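Engineer: Following this message is one structure expressed as structure tokens.
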Amino acid sequence: MSGQAERGVAQTSTTLDVAIVGGGLAGLYAIHRLRGLGFEVRAFEAGSGIGGTWFWNKYPGARCDIESLEYSYSFSDDLQQDWNWPERYATQGQILDYINHVADRFDLRGHVQLNTRIVAASFDKAANQWRLTTEAGETIAARFCVMATGNLSTPRVPDFKGIESFEGRWYHSGMWPAEGVDFSGQRVGVVGTGSSGIQMIPLIAQDAEHLTVFQRTANFSLPAQNGPMDPERERAFKSDYRRRRDEARQTGFGVSGYPVPTQSAIAVSDEERRRNYERLWQQGGSIGFLTCYTDFLVNEDANRTAAEFVREKIRTIVKDPKIAALLTPDDHPIGSKRLCLDTGYYETYNRPNVSLVDVRAAPIVEITPKGVRTTEREYELDAIAFATGFDAMTGALREIDIRGADGERLAEKWAGGPLTYLGIMVAGFPNMFVVTGPGSPGVKSQMIHSIEQHIDWVADLLKSASDRQVRRIDADPGAEENWVAHVNEVADGTLYPRANSWYVGANIPGKPRVFMPYVGGVSTYRRICDDVAADDYRGLSLT
Ligand code: N01
């Protein structure tokens with residue numbers, strides 16, 4: 001008898017074809033696609049609403065850094081024709097509205113069990129079934145398990161001494177109160193200057209009496225140049241949507257309008273390069289920079305030309321040269337961390353009510369009842385917003401007690417870094433599929449593009465397995481080893497591993513330093529996945 005049953009928690013039991021963990025963009029598409037094949041499916045979502053990332057990250061300024069016309073499902077042409085995005089880059093609220101519309105339009109909501117956190121999953125090799133357990137003690141048996149748990153879904157507040165003694169309120173970007181926070185008249189501290197910090201800082205500065213930003217590492221940020229949707233652009237896009245989606249599939253990042261580059265940054269004159277960077281800066285967005293030259297992300301000299309262009313911009317925008325110097329990144333190649341997009345970020349430091357504290361030089365030592373104490377002094381605050389990131393890519397899966405066919409724990413298998421085949425399957429964990437996880441290009445792409453590609457591939461596999469009355473699908477350990485070696489080899493040919501980013505787990509003390517995403521590009525990855533399928537699922541055993 002389980003501990004929960006002993007404590008008298010009611011236990012119910014469910015049997016499914018496919019259990020889906022997570023009710024965000026991936027979980028919802030998995031419901032749609034797999035139900036369409038006749039599988040009995042249900043998604044289990046910890047939140048009280050659907051939407052995943054876009055449900056939780058309600059901090060001021062939260063919006064997508066990929067254009068709305070791209071960052072949307074492509075599986076239904078009617079949907080993409082009907083939906084109107086009000087802005088070039090959608091806000092969190094607009095994306096959540098869209099997700100809710102999709103759930104209603106395709107009748108997905110009834111297949112999501114909300115307020116249900118999966119805490120354990122183990123493979124029963126006698127029955128060839130996954131057995132999942134919820135926090136409330138419910139058990140679910142399912143032939144297959146799709147882990148649509150997200151990559152940035154395990155918020156992490158650093159282990160600061162004294163945090164429980166703080167007399168004000170504190171928040172994390174990824175657990176923001178649904179009702180919002182009114183910072184007016186308050187002394188607010190923001191810790192962290194990644195994408196989340198860079199989005200919230202300009203807006204909090206407008207409301208707060210005083211904002212103190214605690215920065216450990218200066219980050220590169222580019223202007224989003226956001227604005228209302230241009231009706232002409234929307235019309236042109238919609239009249240050509242199918243081709244644009246096809247084009248996106250042939251690129252590195254899964255975004256149309258940015259063809260694979262053919263020219264080296266070093267091969268063009270300084271003037272031409274500058275003109276190009278200036279054009280991209282005015283145009284807004286990050287993909288233009290990331291795809292402007294062949295060697296942008298592989299050659300230090302080429303990369304430095306763009307980094308120096310952005311550094312000059314920072315020095316021009318920020319009036320106080322000391323603050324500008326602190327905000328100027330100098331420890332990683334541009335683009336090797338997620339390139340941030342902002343609206344008025346650097347300008348915010350020209351406001352009289354904003355100060356910047358260098359916590360690299362004087363680290364935070366504790367949170368006190370009154371605020372934040374660094375090695376230099378105490379800063380009195382009424383509220384603290386932690387924009388300190390997530391236990392990315394592996395955190396959500398490691399939090400579930402996942403046990404494979406021989407009882408091995410996934411967290412143990414991944415103790416030295418994640419091991420996957422194609423980023424989708426894990427040897428020893430049959431019938432389990434990870435969506436956009438480590439070893440996949442997901443986080444280095446337009447996420448919804450990769451979600452659709454992964455789930456379509458898994459759906460074809462499950463259909464084929466069902467037709468052939470296959471009960472168990474295993475990734476071969478050798479195929480997994482080769483894939484991990486390939487992922488590392490591709491990453492090592494780029495500048496990505498040079499940065500202390502969440503791509504290498506650097507933001508989580510003690511996490512093994514392993515570069516997790518596949519950076520060969522979505523087009524190459526899709527080709528590899530299609531070849532594997534065409535070769536009767538090479539690297540998998542179907543029994
Ligand atoms: O998190 P991050 P994020 N003391 O890990 C700092 C996606 N996203 O939530 O760099 C002081 O990037 C840390 O400092 P350092 C996007 O993919 C997308 O901002 O480790 N500081 C860093 O500055 C993004 O990349 C969108 O030295 C500490 C910050 O906290 C990903 O989510 C919007 C600290 C964490 O930055 C994660 O972004 C938002 C400490 N002890 C997020 N610990 C869009 O689509 C950590 N930091 C626009």
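The values are calculated or read from the model by the stated rules, or taken from the named source; none is laboratory data. Note that the structure is predicted; figures quoted are calculated from it, not measured. Cβ atoms come from the backbone with ideal geometry, glycine included; neighbour counts cover every protein chain shown. Just so you know, the surface numbers come from the protein's heavy atoms only, side chains and all, with ligands and any DNA or RNA stripped out. Shrake-Rupley method; radii C 1.70, N 1.55, O 1.52, S 1.80 Å.
Engineer: Assuming Thr374 fulfils every condition listed in (1) open to solvent by 10 Å² or more (accessible area, probe 1.4 Å); (2) within 15 Å of the ligand (Cβ to nearest atom); (3) out of contact with any helix residue (DSSP H, G or I) (no Cβ under 7 Å at 6 or more places or on another chain) apart from one, which condition is it?
Structural biologist: (1)
Engineer: With respect to Glu452, determine if the residue is away from the ligand (no atom under 16 Å from the Cβ) and either under 18 Å from the mean Cα position of the chain (by Cα) or open to solvent by less than 40 Å² (accessible area, probe 1.4 Å) (or both).
Structural biologist: Yes; evaluated as a whole, the condition is true for this residue.
Engineer: Same structure, new question: Return the residues of region 300-310 that are touching a Phe, Trp or Tyr at 6+ places or on another chain (Cβ under 9 Å) and over 23 Å from Leu327 (Cβ atoms); say none if nothing qualifies.
Structural biologist: Matches in region 300-310: Ala302 only.
Engineer: Continuing with the same structure: Please go through region 502-513 and give me each residue that is open to solvent by 10 Å² or more (accessible area, probe 1.4 Å) and either part of a loop (DSSP other than H, G, I, E, B) or within 22 Å of Thr294 (Cα to Cα) (or both), ordered by number.
Structural biologist: Ala506, Asn507, Ile508, Pro509, Gly510, Lys511, Pro512, Arg513
Engineer: In the set Tyr496, Tyr518, which member is in contact with a Pro (Cβ under 6 Å, 6 or more places away or on another chain), closer than 19 Å to Leu290 by Cα and of a type in the set (Phe, Trp, Tyr)?
Structural biologist: The unique qualifying residue is Tyr518.
Engineer: Restricting attention to region 167-180, and to residues there that are under 25 Å from the mean Cα position of the chain (by Cα) and away from the ligand (no atom under 11 Å from the Cβ), which single residue is most open to solvent (accessible area, probe 1.4 Å)?
Structural biologist: Within region 167-180, the match that is most open to solvent (accessible area, probe 1.4 Å) is Glu179.
Engineer: Counting only residues that are more than 16 Å from the ligand (Cβ to nearest atom) and open to solvent by less than 20 Å² (accessible area, probe 1.4 Å), give me the helices (runs of 4 or more DSSP H) lying completely in region 23-104 with at least 3 of them.
Structural biologist: 25-36
Engineer: Only one of these conditions is not met by Phe183: (1) of a type in the set (A, V, I, L, M, F, W, C); (2) within 11 Å of the ligand (Cβ to nearest atom); (3) over 26 Å from Ser286 (Cβ atoms). Which number is it?
Structural biologist: Status for Phe183: all satisfied but (2).
Engineer: Within region 299-347, work out how many residues are away from the ligand (no atom under 16 Å from the Cβ), open to solvent by 50 Å² or more (accessible area, probe 1.4 Å) and of a type in the set (Lys, Arg).
Structural biologist: The qualifying residues number 4.
Engineer: Give the residues of region 274-290 that are in contact with a Cys (Cβ under 9 Å, 6 or more places away or on another chain) and of a type outside the set (Phe, Trp, Tyr), sorted by residue number.
Structural biologist: Scanning region 274-290 gives Asn276, Leu280, Ser286.
Engineer: What is the residue count in region 144-156 for residues that are away from the ligand (no atom under 16 Å from the Cβ) and either open to solvent by 40 Å² or more (accessible area, probe 1.4 Å) or part of a loop (DSSP other than H, G, I, E, B) (or both)? Reasoning before the result, please.
Structural biologist: Our first condition is that a residue be away from the ligand (no atom under 16 Å from the Cβ); within region 144-156, this holds for 144-148.
So of that shortlist, the ones also either open to solvent by 40 Å² or more (accessible area, probe 1.4 Å) or part of a loop (DSSP other than H, G, I, E, B) (or both) come out as 148.
Selection size over region 144-156: 1.
Engineer: Hey, another quick one. Thr524: of a type in the set (Ser, Thr, Tyr), touching a Leu at 6+ places or on another chain (Cβ under 7 Å) and in the same structural domain as Gln129 (by TED's automatic domain parsing), yes or no?
Structural biologist: Considered against the rule, which asks whether it is of a type in the set (Ser, Thr, Tyr), touching a Leu at 6+ places or on another chain (Cβ under 7 Å) and in the same structural domain as Gln129 (by TED's automatic domain parsing), Thr524 comes out as no.
Engineer: Here are some residues: Gly407, Gly478. Which one is in a loop (DSSP other than H, G, I, E, B), assigned by TED's automatic domain parsing to the domain that holds Asn128, surrounded by fewer than 18 Cβ atoms within 10 Å (Cβ to Cβ) and at pLDDT 95 or above?
Structural biologist: Result of the check over Gly407, Gly478: Gly407.
Engineer: Kindly provide the set of residues from region 514-543 that are assigned to a loop (DSSP other than H, G, I, E, B) and free of Cβ contacts under 8 Å to residues at least 24 places away in the same chain, ordered by number.
Structural biologist: Asp535, Asp536
Engineer: In addition: Of a type in the set (Ser, Thr, Tyr), in contact (Cβ under 8 Å) with a residue 24 or more places away in the chain, closer than 30 Å to Lys125 by Cβ and touching a Ser or Thr at 6+ places or on another chain (Cβ under 7 Å), is that true of Ser153?
Structural biologist: yes
Engineer: OK, next. Of everything in region 187-221, what is small (Gly, Ala, Ser) and either within 13 Å of the ligand (Cβ to nearest atom) or within 20 Å of the chain's Cα centre (by Cα) (or both)? Give them in sequence order.
Structural biologist: Gly189, Gly192, Gly194, Ser195, Ser196, Gly197, Ala218, Ser221
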